[in-house]
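A.B. asks: If you scroll down you'll find the structure; I have some questions about it.
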Amino acid sequence: MKIGFDKKRIINILFGVTVFILVVNLVVGKFLKNSDGKNKGEESSRVIESQFKSALSNLGIKEDWIKKQVGDNTPVRFSVKIPKDLPVVLIIQEMNYVFNLENVVIKSLENKIGGKTSLDFISGDELKLNAELNYDVNVKRKSVRVGFLVNRFDEDSETDSLLLDFPEYFAVVLIPSKSSVEFIKKIIDNRKEYVIYLDDTIDELEYKLSSAYSIPRLKNSIRSIVGAFPQSVFFLIDNKSDLYNSPVYTFIKEEFEKRRIRLIEKSTFKELADEEEKNIAEVFYDSLSKLQGGEDKIFIVSTEDFLSLKSRIARYRKLGYRFTNPSALLF
């Protein structure tokens, strides 16, 4: 009897302890939710509205495309005109990036593909803002196409690797040399473009062009250059070089034209470089801001500066700017 009583008592004690622990967990959980969750995690309608407009601005949506319903309505309601080139999925992606999703839940409902989409912004278990997105053929974002010619004049394996892994379209500018011949294999393997640069600094005799050379020697150099770099998008000529401004340049140009190869002057393109009291990001911003809708622009930039513009390029891509290969803009 005594042994049975002890077992029953132990079971009752364990059961009581279990119940006590469950109750404590519930009380503590509720306390934490009230003190740390709802008060800390809930966003006001004003903050949500501000972040909502910020996300739209990041995508190039103008203020006059956004209409707020008149009155002190709860939730706040908006109607937004969306250009045809901006998929709703990118809008939702930007909203997810701008908002703290621990505090704000975003729900979307697309009535039909390419039609109206409704977005609900919920915080603290309350609908704070509703937006209806409507595609409109009459609204258009600034349409600009941009390309890059990236100088690769200093051979550095680490920089070369960063450049070829860079997830953007561009053409690498190369000076004729045996090293460049080796490097173009990597360029092609990484599905990039390249351009050959002609000026006074070509050192290797096989490819060197000089105003002092005879016509036969110039022909040999041109054959070597063209044969070594058959996939060059075009050839870039430094129009400030002695070579360009010498009497033999007319012959050189004719030789390239016979082979249906385009020689384009360097001054045709805008060089991005640090200016006094401005860093490269500011120069890039100023240059893009001046472009008009429907305009194309190709920039010449150093490898280091190009890599530093990664976040700026991503920002302008959101605004609707297209970054593409120089060949797509020229031919």
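A.B. asks: What ranking of 312, 77, 46, 262 comes out by heavy-atom accessible area, probe 1.4 Å, highest first?
C.D. replies: Values: 312 60, 77 90, 46 195, 262 120 Å².
Ranked list, largest accessible area first: 46, 262, 77, 312.
A.B. asks: Leaving ligands, DNA and RNA out of it, work out the accessible area of residue 188 with a 1.4 Å probe and give it in Å² to the nearest 10.
C.D. replies: The value for residue 188 is about 70 Å².
A.B. asks: Quick check: at a probe of 1.4 Å, how many percent of the accessible area of the chain sits on carbon and sulfur atoms? Could you put the intermediate results ahead of the total?
C.D. replies: Numbers: 10130 of 19780 Å².
Answer for the chain: carbon and sulfur cover 51 percent of the accessible area.
A.B. asks: Output the antiparallel fraction of DSSP beta bridges having both residues in the range 76-214, as a percent to the nearest 5.
C.D. replies: Values: 13 of 27 bridges.
Approximately 50 percent, going by the DSSP bridge assignments.
A.B. asks: Also, quick follow-up: In whole Å, what is the distance between the alpha-carbon centres of the range 61-130 and the range 274-331?
C.D. replies: 30
A.B. asks: Give me, ordered by chain and number, the residues 5 or more places off residue 198 or on other chains with an amide H under 5 Å from its own placed amide H.
C.D. replies: Under 5 Å from the amide H of residue 198 lie the amide H atoms of 236, 237, 238, each far enough along the sequence or on another chain.
A.B. asks: Under 8 Å for C-alpha pairs, at least 6 residues apart: give me the relative contact order for the chain, rounded to a whole percent.
C.D. replies: Numbers: 460 pairs, mean separation 61.5, N = 331.
Value for the chain: 19 percent.
A.B. asks: I'd like the Karplus ³J(HN,Hα) series for the range 202-219: coefficients 6.51, -1.76, 1.60, θ = phi - 60°, whole numbers in Hz, and an x wherever there's a Gly or Pro.
C.D. replies: 5, 8, 6, 4, 4, 10, 5, 10, 9, 5, 8, 6, 6, 4, x, 5, 4, 4
A.B. asks: Can you give the helix-only mean residue ellipticity at 222 nm for the chain, where every DSSP H stretch with n ≥ 4 adds -39500 (n - 2.57) and the sum goes over all residues, rounded to the nearest 500 deg cm²/dmol?
C.D. replies: On the way: 11 runs with 130 residues, N = 331.
So the calculated ellipticity at 222 nm is -12000 deg cm²/dmol.
A.B. asks: Oh, and also: Would you pull out the residues with amide H under 5 Å of residue 298's amide H, same chain only if 5 or more places away, H placed 1.01 Å from N?
C.D. replies: Excluding prolines and chain starts, which carry no amide H, the hits are 147, 270.
A.B. asks: So how exposed is residue 157, as accessible area in Å² (1.4 Å probe, rounded to 10)?
C.D. replies: That residue has around 100 Å² of solvent-accessible surface.
A.B. asks: Turning to a different aspect of this structure: Can you give me the pair-distance distribution of the chain, C-alpha pairs, 10 Å bins, whole percents?
C.D. replies: 5, 19, 19, 16, 13, 10, 8, 5, 3, 2, 1, 0, 0
A.B. asks: Could you work out how far apart the two model spin labels at residue 177 and residue 200 are, taking each label as a point 7 Å from the Cα in the direction of the beta carbon, and quote it in nm?
C.D. replies: Taking the two extended label points, one gets 1.9 nm.
A.B. asks: How much of the DSSP bridge set in the chain is antiparallel, in percent, rounded to the nearest 5?
C.D. replies: Working: 17 of 49 bridges.
Within the chain, antiparallel bridges account for around 35 percent of the total.
A.B. asks: At 1.4 Å probe size, with every protein chain present, just tell me what the per residue accessible area of the chain comes to in Å². Kindly include the intermediate steps, with their values, before the conclusion.
C.D. replies: Working: 19780 Å² over 331 residues.
The answer is 60 Å² per residue.
A.B. asks: Convert 37 °C to kelvin, take the viscosity as 0.692 mPa s, use the Kirkwood radius over C-alpha pairs of the range 216-331 as Rh, and evaluate the Stokes-Einstein diffusion coefficient in µm²/s, rounded to a whole number. Could you put the intermediate results ahead of the total?
C.D. replies: Details: Rh = 16.7 Å.
Taking Rh from Cα pairs, D becomes 196 µm²/s.
A.B. asks: Which whole-Hz couplings ³J(HN,Hα) result when phi for each residue of the range 162-172 is put into the Karplus expression 6.51 cos²θ - 1.76 cosθ + 1.60, θ = phi - 60°, listed in order with x for Gly and Pro?
C.D. replies: These are the phi-based 3J(HN,Hα) values: 4, 5, 5, 7, 5, x, 9, 8, 5, 10, 7 Hz.
A.B. asks: Going through the cross-link list 208/240; 81/140; 178/270, which pairs have a Cα-Cα distance over 19 Å in this structure? Can you show the working numbers first?
C.D. replies: Working: 208/240 17 Å; 81/140 10 Å; 178/270 28 Å.
Violating the 19 Å Cα-Cα cut-off are 178/270.
A.B. asks: For the range 53-184, I need the span (max minus min coordinate) of the C-alpha atoms along each principal axis, in Å, sorted largest to smallest.
C.D. replies: 71, 36, 25
A.B. asks: Here's a follow-up. Counting only other residues whose beta carbon sits under 14 Å from that of residue 129, what net charge do I get with K and R as +1, D and E as -1?
C.D. replies: 0
A.B. asks: Taking all protein chains together and a probe of 1.4 Å, list 189, 136 from the most accessible to the least accessible. List each step's numbers first, then the result.
C.D. replies: Working: 189 125, 136 35 Å².
My answer, sorted largest first, is 189, 136.
A.B. asks: Shifting gears a bit: Where does each of 63, 193 land when they are ordered by accessible area, with a 1.4 Å probe and the largest first? Mind showing how you got there, number by number?
C.D. replies: Details: 63 160, 193 30 Å².
Largest accessible area first, the list is 63, 193.
A.B. asks: Here is a follow-up. Can you give the angle from 0 to 90° between the axis of helix 280-289 and the longest principal axis of the chain, with both taken from C-alpha atoms, to the nearest 10?
C.D. replies: 90
A.B. asks: Here's something else I'd like to know. Counting Lys +1, Arg +1, Asp -1, Glu -1, what net charge surrounds residue 311 among other residues with beta carbon under 14 Å of its beta carbon?
C.D. replies: Working: positive: 310, 312, 315, 317, 318; negative: 168, 282, 305.
Combined, the nearby Lys, Arg, Asp and Glu give +2.
A.B. asks: Any aspartates and glutamates with Cα under 15 Å of the residue 107 Cα? List them, leaving off those in the same chain fewer than 8 positions away.
C.D. replies: Straight-distance partners of residue 107: 94, 120, 125, 126, 132.
A.B. asks: Ok, one more. Cα centroid distance between the range 193-259 and the range 146-181, in Å?
C.D. replies: 20
The values are calculated or read from the model by the stated rules, or taken from the named source; none is laboratory data. All values reported here derive from a predicted model rather than from experimental measurement. As a convention, Cβ positions derive from the backbone with ideal geometry for all residues, glycine included, and neighbour counts pool all protein chains shown. Protein only, heavy atoms only, side chains kept; ligands, DNA and RNA dropped before computing areas. Shrake-Rupley method; radii C 1.70, N 1.55, O 1.52, S 1.80 Å.
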